[in-house]
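**Q** I am attaching a structure below and will ask some questions about it afterwards.
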Ligand SMILES: *Cc1c(COP(=O)(O)O)cnc(C)c1O
């Protein structure tokens, strides 16, 4: 039972201990910190009991370079089931809980979908009492803060720790040493509790921070060489200083490799040390107690590193290899060639010579196996782990793991039949699909309390929040107009809340009665924000030509960060901001269309955007979006998808019905067939209105500040570049069908009840996309781990 008095005492005590202040004298950040600490105090015993319980059996470890956690306070209160109690307790002290929740900085230790997936997975594991620990890096600076100056993206360092981090505990006693060729550093873990929903179990996210062996060089300091004296300290700390926001190209090479090796080695050393304490020196049974999931290729250096550590412990090569293969599983997240990591041999030799030696041995062993199996020379060339002086991390991952999984059915099929065809032939039993999911706690129960309440009322229980298939019951109300109207009222309310927030944050006034058409995701050419932009430009001109054009008022909302080095993505942001300026300042079209690019899209902004959407834009080039998870967040909040046959869109439509969504564009097979003869000029010239829209890139309609970036976008579309054919992502091919799909939406939206039915069918059929379902499959089919509930 929640003890109000105990909580208040703890809160006041924490203010005193941490800041030396009374309630009256403390500021809002101090109050937030003390509230969080008071909650930490309440869970600490369950947390250690969970650790003790898990120790006894097999545990899984989710190794990921990114965890995009977002805010903790609101979610923790929800999961603990004490939101109301804390709200009231704070109210007694004249503190507004909403303010406490809103001032929390996002823990933005990730770029986008991949990092957010890791965060949703942790929530599901804890909720289902599964012994799974997340391991990653504790970046001092997470994903940059985005601003717009004159429509251009400007990045600022994200000081997420500036007011402290009440949710983590530094565990110095678990420090391990990490050795690079140029010196040693210490890895110090910080543990954050992952509080499951309606369970006492509390799991852990362990993030490693780099520290120097010594804080400063005493002798240099004594000689008054102050900078020199702390040089080693700074260099060590560089390793966990920043999250690399560039996930489109390889960059910051050495430091990035150091980061990968650093957290992976720390995690594995930690596991081995604890195993030996419990089970003794014989490491044979290591895979019986450990399943390690590699989230994409970033942590794949774990494979040779575990080999190295085992051999150091006296295990022979053959046995070590068996242990390694039985321990690891690898998730592939993309088929985009430029995102598949390859490391220069030279870099490994210089930085990690011992690990490199082991990779060479693994490479040779694999070559031997291929030859034994009489593989064709050509195939061997394609598959070898080291080739042309580069280490192919994905190949190393597939060879060194027992299971490889894609993240949506279509994606896994593309892996098996195209991208990893040869690998699939060699190891058909290694391949599995695990369609991604999202946690229903954060993505509806927390961010859409109004809709949550309606669902609970209709289902008769709130069990659907952790038993997602129960929402299917909503379908039986599909003909109940009174209920559909209540749904529409909630949607309108969420739109008004978002409009108020956008007015405050962006200083742009939007009409809550217009259609909220939302595209929020990282900025990337394959996601085709530019296709959306061309559509708006075309619509703008059609409206100018014909002011009585029969369309419903619509607000086009974008949110996206571009990797700082990704020039074309930044050009697209600038272009959309220019469109917004033109459209929003033109009285002729103003009451019909509005364009807003929200700044600094992140998890907590997402929590306001997803519930308020009427249209979910998922318009990536078919075959390019491995899964998508934003698409699921919209669906769960009752929003139809305007999308291509790509990633999990395919499964969303399977579940909710094609007639309740707006699907358009070329499919994978078609693009595969036309790609070598594709000529975008044909569309540019023949599709009515298309040329007029595309030409705004070069005819002076919009100003790119003299950078030439709009011209470059235009050339990439119509002439191509040295590395890709013109219009690599087939925007012009799909434009016409996209416009037609938008027109279908306009018509469908007019009949409010029939529109509400579409929304309702999406909501009612979102059950499959709970990350609880995904994690259940990982646990049963890959990790072979079982739920263990703590006693008390
Ligand atoms: C869900 C989410 C993503 C992933 O969005 P996609 O549309 O699947 O690419 C990215 N960033 C944030 C902040 C998210 O919450």
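**Q** Suppose we keep only residues that are surrounded by fewer than 24 Cβ atoms within 10 Å (Cβ to Cβ) and part of a loop (DSSP other than H, G, I, E, B) within region 630-660. Which one would you say is nearest to the ligand (Cβ to nearest atom)?
**A** 645
**Q** Look through 727, 722 and report the one residue that is without any contact (Cβ under 8 Å) to a residue 60 or more places away in the chain and under 19 Å from residue 622 (Cβ atoms).
**A** Testing whether each residue is without any contact (Cβ under 8 Å) to a residue 60 or more places away in the chain and under 19 Å from residue 622 (Cβ atoms) leaves just 727.
**Q** How many residues, within region 127-145, are closer than 30 Å to residue 211 by Cβ and surrounded by 24 or more Cβ atoms within 10 Å (Cβ to Cβ)?
**A** The number of residues fulfilling the criteria is 10.
**Q** What tally of residues in region 250-293 results from selecting those that are assigned to a loop (DSSP other than H, G, I, E, B) and within 20 Å of residue 189 (Cα to Cα)?
**A** Residues in region 250-293 being assigned to a loop (DSSP other than H, G, I, E, B) and within 20 Å of residue 189 (Cα to Cα): 0 in total.
Yes or no, residue by residue, for (1) at pLDDT 95 or above; (2) touching a helix residue (DSSP H, G or I) at 6+ places or on another chain (Cβ under 6 Å); (3) farther than 30 Å from residue 700 by Cβ; (4) within 15 Å of the ligand (Cβ to nearest atom):
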position	(1), (2), (3), (4)
586	yes, no, no, no
602	yes, no, yes, yes
605	yes, no, yes, yes
608	yes, yes, yes, yes
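**Q** Continuing with this model, one more query. Quickly run through region 341-374 and pick out the residues that are out of contact with any strand residue (DSSP E or B) (no Cβ under 7 Å at 6 or more places or on another chain), touching a residue at least 12 places away in the same chain (Cβ under 8 Å) and farther than 30 Å from residue 236 by Cβ.
**A** 365, 366, 367, 370, 373
**Q** Say whether the condition of being touching a residue at least 24 places away in the same chain (Cβ under 8 Å), more than 21 Å from residue 442 (Cβ to Cβ) and buried (at least 20 other Cβ atoms within 10 Å of the Cβ) is met by at least one residue in region 148-164.
**A** Within region 148-164, one or more residues are touching a residue at least 24 places away in the same chain (Cβ under 8 Å), more than 21 Å from residue 442 (Cβ to Cβ) and buried (at least 20 other Cβ atoms within 10 Å of the Cβ).
**Q** If you don't mind, another one. Can you give me the ranges of the strands (runs of 3 or more DSSP E) entirely in region 40-145 with at least 1 residues that are more than 16 Å from the ligand (Cβ to nearest atom) and touching a strand residue (DSSP E or B) at 6+ places or on another chain (Cβ under 7 Å)?
**A** Qualifying strands (runs of 3 or more DSSP E): 59-63, 132-137.
**Q** With the condition kept exactly as written, say whether any residue in region 562-576 is more than 29 Å from the chain's Cα centre (by Cα), farther than 30 Å from residue 103 by Cα, more than 16 Å from the ligand (Cβ to nearest atom) and at pLDDT 95 or above.
**A** No, because not a single residue in region 562-576 is more than 29 Å from the chain's Cα centre (by Cα), farther than 30 Å from residue 103 by Cα, more than 16 Å from the ligand (Cβ to nearest atom) and at pLDDT 95 or above.
The values are calculated or read from the model by the stated rules, or taken from the named source; none is laboratory data. Quantities reported herein were computed from a predicted structural model and do not represent experimental measurements. In this analysis, Cβ positions are derived from the backbone assuming ideal geometry, glycine residues included, and neighbour counts consider all displayed protein chains.
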